[in-house]
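Reviewing the structure listed below.
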């Protein structure tokens, strides 16, 4: 049986729990991560020059395009806080005939900062604050952007609880995870 595929666009601030949730629900082999791609393309997850950013996201989009053409279940692990980036991902899925869902991981700024403090690779606090502002705006915008569904996950839930809830929501809609 051929899968219809699925593209899940993970949306949320740094430290919100997107990466762990994507890996738990979709499997690490099905996650296309901007951090992983940045390290591969630029030699460091910290590469921040414009060319580094452009090259990183061109490779993410290329990988997503190839996976969608093969109708593979794919989760995109980036903040996805810019509508233009979400549009590109949604259009890529549509071109391949694959449903595309947004998964907003809604986590309070204080919790994102607490998690960030425990990381080896910390994101600057002002960046997390900006991410949280954009995530609040995305919560309003996402339902109007043309996704097959927008699933909002409580980022303060236990990782197992959040993953179980998301997997159940996908299954109820007949989508693979």
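Brief remarks follow.
- Of all residues in segment 57-78 being surrounded by fewer than 14 Cβ atoms within 10 Å (Cβ to Cβ) and within 16 Å of the chain's Cα centre (by Cα), the one that is modelled with the lowest pLDDT: 58
- Entry remark, segment 144-172: residues being loosely packed, with under 13 Cβ neighbours inside 10 Å and closer than 21 Å to residue 89 by Cα number 1 in total.
- Subset of segment 87-122 that is assigned to a helix (DSSP H, G or I) and touching a strand residue (DSSP E or B) at 6+ places or on another chain (Cβ under 6 Å) - its residue that is surrounded by the fewest Cβ atoms within 10 Å (Cβ to Cβ): 90
- For segment 42-56, the candidate set comprises residues that are surrounded by fewer than 19 Cβ atoms within 10 Å (Cβ to Cβ) and either within 15 Å of the chain's Cα centre (by Cα) or in a helix (DSSP H, G or I) (or both); within that set, the residue that is modelled with the highest pLDDT is 55.
- Of the residues making up segment 11-41, those that are more than 17 Å from residue 52 (Cα to Cα), outside any loop (DSSP other than H, G, I, E, B), without any contact (Cβ under 8 Å) to a residue 60 or more places away in the chain and over 10 Å from the mean Cα position of the chain (by Cα) are 23, 28, 29, 30.
- Residue match in segment 123-136 (condition: within 25 Å of residue 73 (Cβ to Cβ), in a helix (DSSP H, G or I), modelled with pLDDT of 95 or more and in contact with a helix residue (DSSP H, G or I) (Cβ under 7 Å, 6 or more places away or on another chain)): no
The values are calculated or read from the model by the stated rules, or taken from the named source; none is laboratory data. Here the structure is a predicted model, which is why all the values come from computation and not from measurement. All Cβ positions, glycine included, derive from the backbone under ideal geometry; neighbour counts span all protein chains shown.
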